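The values are calculated or read from the model by the stated rules, or taken from the named source; none is laboratory data. Note that this is a predicted model, so its numbers are computed, not measured. No Cβ is skipped: glycine too gets one built from the backbone with ideal geometry, and neighbour counts run over all protein chains shown. With ligands, DNA and RNA removed, areas are computed over all heavy atoms of the protein, side chains included. Shrake-Rupley method; radii C 1.70, N 1.55, O 1.52, S 1.80 Å.
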Amino acid sequence: MNRAKILIVDDDEDILETGRMFLKQEFSVDIEQDPNNIPDRLRSTDYDLILLDMNFKAGINDGEEGFNWLNEILKVDPQAVVVLITAYGEIDLAVKAMKQGATDFVLKPWKNQKLLATILSALQLRQSKKEVEKLKVTQERLQDEIDQPYYYFIGESPAIQRVTELIARVAATDANILILGENGTGKELVARAIHRQSARKDKVFISVDLGAITETLFESELFGHVKGAFTDAKQDKTGRFELASHGTIFLDEIGNLSLPLQSKLLTVLQNRKIQRLGSPKETSIDFRLICATNADLHQMVFEKSFRQDLLYRINTVEVRIPPLRERIEDIPLLTNHFLNIYTKKYKRAGIKIDKSVIAKMQKYYWPGNIRELQHAIERAVILTEEKVIQKPEILISGNTARREQHSPKTLEEMEKIFILQSLDENEGNVTQTAMALGMTRTALYRRMKKHGIQ
């Protein structure tokens, strides 16, 4: 506070000197007798507070000059804190001026302690405004950094163009969106694109990976809890739905939820109210819902492992993201995109991929989709010693190369290959594989039996 800069504007020289002598003990003080110099002073100095008289011309007490100069100050600095200097009979005018943006007023002749208390209170408000503005800018920058990997669709294929056109149509609405797609196709990218083009784009985007939340923590994470609600609840916690109020909440891997958790989620979606664990109070929430899964929810409804009423609630509009094998025209563009990223990251400028290798990549199945392609490019940039990658093995190796030689011809073959790969990645653990594939163990065993997988 002792570094705060204050400007006193008054046509009475005695008031200026009295104010300056008293306040200079605590603050840096400038005085101004001619209000016409206010704009120049504001452009040259960042004042924390301005003490402004309401009348400057002799015989005029209507306060219009004070209103005009208040407006001029706020034009130059909308965050300015202005305290009016007014006579007792002008209190109504001062109250009117506060409605137009003034912070407070002091009566003249003032009492020093009252003047000091008013100034300290106004300076505290100025500090709060600065902190709010700083937090807002920080949040925007953090959100930009979070969004950066998800910002652009790379691709010109008809399949991906259909997705972008659908996003443009549904984003402006508040409809619930269900995004369907295999692992690695970019479901969160689509969710963020919908949020950025919506009316809620200036509000928060909360992403929740339901596959990573255990059943015991589900309610605490999504709905919050109060202190003492359970053993480790040492303080109040705001849930994800409450954090997302007025913004967008993205529930990824919704197919992983058990039936009891589906029921709890459905209640919140229907009532748009949450109740923190341990609290009797209900809180109304307003959010845009976007869900995503790699599971076949319609098949799960048929198998009674997913609630039909929940499916109806979350899929007002379905957006299906094509796997990479259905948009092979985009592989050269995606390859160049990731190549640019990783050659910069690892300081390997100049590395290229031969066209013959790109052609091989376009014939490969890419079960891990864009995520697999991204990792393949990163690995190649790290391992290659050549400026031009001419051997496809560095990008497509091991089991990958063998799969390329026998490309699946039917959906049945594709499904079998995908299950085998997932079993391999999870070291044969059926439970983990079922979770990774977004299905129940029973459903996975049924598919394994169908394909003769032991």
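Descriptive notes on the structure:
- Computed label-point distance, nm, for sites Val204 and Asn340 using a 7 Å Cα→Cβ extension: 3.3 nm
- Over 19 Å between alpha carbons, listed pairs Lys24/Lys114; Lys108/Lys129; Lys5/Lys129: Lys108/Lys129
- Heavy-atom accessible surface of the chain: percent carbon and sulfur, 1.4 Å: 50 percent
- Annotation: per residue accessible area for the chain equals 54 Å², rounded to a whole number [probe 1.4 Å, protein chains only].
- Whether segment 33-104 is rounded, prolate or oblate, judged on the alpha carbon gyration tensor where a/c under 1.5 counts as rounded: oblate
- Of the listed residues Tyr364, Tyr445, Tyr346, the order by accessible area with a 1.4 Å probe, largest first, is Tyr445, Tyr346, Tyr364.
- Amide N proximity, segment 1-33 versus Asn112 label position 7 Å along Cα-to-Cβ, cut-off under 15 Å: 17-27
- Within the full protein context, the accessible area of Phe250 is estimated at about 0 Å² for a probe radius of 1.4 Å.
- Extension gain for Glu303 to Gln124 (0.36 nm times residue separation, less C-alpha to C-alpha distance): 58.3 nm.
- Beta bridges by DSSP in the chain, antiparallel share as percent, to the nearest 5: 10 percent
- Computed FRET value (nearest 0.05) for Ser356 with Ile453, which takes r as the C-beta separation and R₀ as 51 Å: 0.90
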